[in-house]
Amino acid sequence: MAEPDMLHDIFALQGELNDGIFKKQDVRGPDGRTLTMAAVRQALERGELGPNGLPNQWLRNYLRALQSEAAELEQELLWKWWSKDKIDVQNIRVEIVDLMHFLTSLALAAGLSADDFHRLYTAKHRVNQERQEKGYSQATKDEQDNKGIV
């Protein structure tokens, strides 16, 4: 039996969840119809990249949600080294999964499929490895290697 493609599954589930939320909350696009992730992607493909375009609006919304989830995760972590408290690993894991929900939503709003995300991730991973091999520092950092990732 073949292993499931977990990244594709995550992207599909998140797209369905987002579309379901748009429908349930009666979120509408500029055309007056219920918004969908496909509509956000189509606006991206049409080049509607200004501050009032759907891609910018939903990238901003999902980034804010991601930041909020990161703050919730931070609240779960202990910083008082003199404390006898213990972290709640189960809740920390759930907060990390919440981060993945919104990271995936960001990727979808940017027009990335699971395949695109994997391709870009592996390309950026190679850049990061090369930077480490070259002794990464501010002095050696060159953003041109990021520009070459397509």
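The values are calculated or read from the model by the stated rules, or taken from the named source; none is laboratory data. In this text the structure is predicted, and so the values were computed from the model without any measurement. With ideal geometry, Cβ positions are generated from the backbone for all residues, glycine too; neighbour counts draw on all protein chains shown.
Can you find even one residue in the range 14-26 that is without any contact (Cβ under 8 Å) to a residue 60 or more places away in the chain, in a helix (DSSP H, G or I), under 25 Å from V150 (Cβ atoms) and not assigned by TED's automatic domain parsing to the domain that holds I149? Give the steps one after another, and end with the answer.
Start the filter on the range 14-26 by keeping residues that are without any contact (Cβ under 8 Å) to a residue 60 or more places away in the chain, which leaves 16, 19-26.
Pick out the ones that are also in a helix (DSSP H, G or I) and you get 16, 19-24.
Those left that are additionally under 25 Å from V150 (Cβ atoms): none.
No, every residue in the range 14-26 fails to be without any contact (Cβ under 8 Å) to a residue 60 or more places away in the chain, in a helix (DSSP H, G or I), under 25 Å from V150 (Cβ atoms) and not assigned by TED's automatic domain parsing to the domain that holds I149.
Sort out which residues of the range 13-26 are exposed (fewer than 15 other Cβ atoms within 10 Å of the Cβ) and not charged (D, E, K, R), and write them in order of number.
Quick first cut of the range 13-26, residues exposed (fewer than 15 other Cβ atoms within 10 Å of the Cβ) only: 13, 16-17, 20-21, 23-26.
The answer is L13, L17, G20, I21, Q25.
Limited to the range 62-102, what total is found for residues that are touching a helix residue (DSSP H, G or I) at 6+ places or on another chain (Cβ under 8 Å) and closer than 21 Å to R28 by Cα?
Residues of the range 62-102 touching a helix residue (DSSP H, G or I) at 6+ places or on another chain (Cβ under 8 Å): 62-63, 65-66, 69-70, 72-73, 76-77, 87-88, 91-92, 95-96, 98-102.
Narrowing further to those that are closer than 21 Å to R28 by Cα: 62-63, 65, 102.
Residues meeting the conditions: 4.
Identify all residues within the range 1-12 that are among the aliphatic types (A, V, I, L, M) and either buried (at least 16 other Cβ atoms within 10 Å of the Cβ) or in a helix (DSSP H, G or I) (or both); write none if there are none.
Here is the first cut: in the range 1-12, the residues among the aliphatic types (A, V, I, L, M) are 1-2, 6-7, 10, 12.
Within the range 1-12, M6, L7, I10, A12 qualify.
Filter the range 8-27 down to the residues that are under 13 Å from L108 (Cβ atoms) and either out of contact with any Ser or Thr (no Cβ under 9 Å at 6 or more places or on another chain) or acidic (D, E) (or both) and list them by number.
Of the range 8-27, the ones under 13 Å from L108 (Cβ atoms) are 8, 10-19, 21-22.
Residues satisfying the conditions are A12, E16, D19, I21.
Where in the range 69-150 are there helices (runs of 4 or more DSSP H), lying fully within it, with 2 or more residues that are of a type in the set (A, V, I, L, M, F, W, C)? Steps first, answer last, please.
Details: elements: 89-109, 114-133, 144-147.
Ranges flagged: 89-109, 114-133.
Kindly provide the set of residues from the range 1-35 that are in contact with a Gly (Cβ under 7 Å, 6 or more places away or on another chain) and among the acidic types (D, E), ordered by number.
Going through the range 1-35, the residues in contact with a Gly (Cβ under 7 Å, 6 or more places away or on another chain) turn out to be 35.
Matches in the range 1-35: none.
Table: residues versus (1) of a type outside the set (S, T, Y); (2) outside the structural domain of L17 (by TED's automatic domain parsing); (3) under 13 Å from the mean Cα position of the chain (by Cα).
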position: L78; (1), (2), (3): yes, no, no
position: D85; (1), (2), (3): yes, no, no
position: T104; (1), (2), (3): no, no, yes
position: A107; (1), (2), (3): yes, no, yes
position: E133; (1), (2), (3): yes, yes, no
position: S137; (1), (2), (3): no, yes, no
position: N146; (1), (2), (3): yes, yes, no
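Of the numbered conditions (1) of a type in the set (F, W, Y); (2) surrounded by 13 or more Cβ atoms within 10 Å (Cβ to Cβ); (3) farther than 30 Å from D31 by Cβ, W58 fails exactly one; give the number of that condition.
(3)
Which of the residues that make up the range 28-53 are surrounded by 14 or more Cβ atoms within 10 Å (Cβ to Cβ) and either in contact (Cβ under 8 Å) with a residue 40 or more places away in the chain or touching a Ser or Thr at 6+ places or on another chain (Cβ under 7 Å) (or both)?
We begin by selecting, within the range 28-53, every residue surrounded by 14 or more Cβ atoms within 10 Å (Cβ to Cβ); these are 29, 34-37, 39-44, 48, 53.
Result: M37, V40, R41, L44.
Does R41 meet the test of being under 26 Å from T122 (Cα atoms), in contact with a Gly (Cβ under 8 Å, 6 or more places away or on another chain) and among the basic types (K, R)?
Judged against the criteria, R41 is a match.
Quick check: is even one residue across the range 78-94 farther than 20 Å from H8 by Cβ, of a type in the set (S, T, Y) and modelled with pLDDT of 95 or more?
Looking only at the range 78-94, we keep the residues that are farther than 20 Å from H8 by Cβ, and these are 78-94.
Pick out the ones that are also of a type in the set (S, T, Y) and you get 83.
Still in the list and also modelled with pLDDT of 95 or more: 83.
Scanning the range 78-94, I find at least one residue that is farther than 20 Å from H8 by Cβ, of a type in the set (S, T, Y) and modelled with pLDDT of 95 or more, so the answer is yes.
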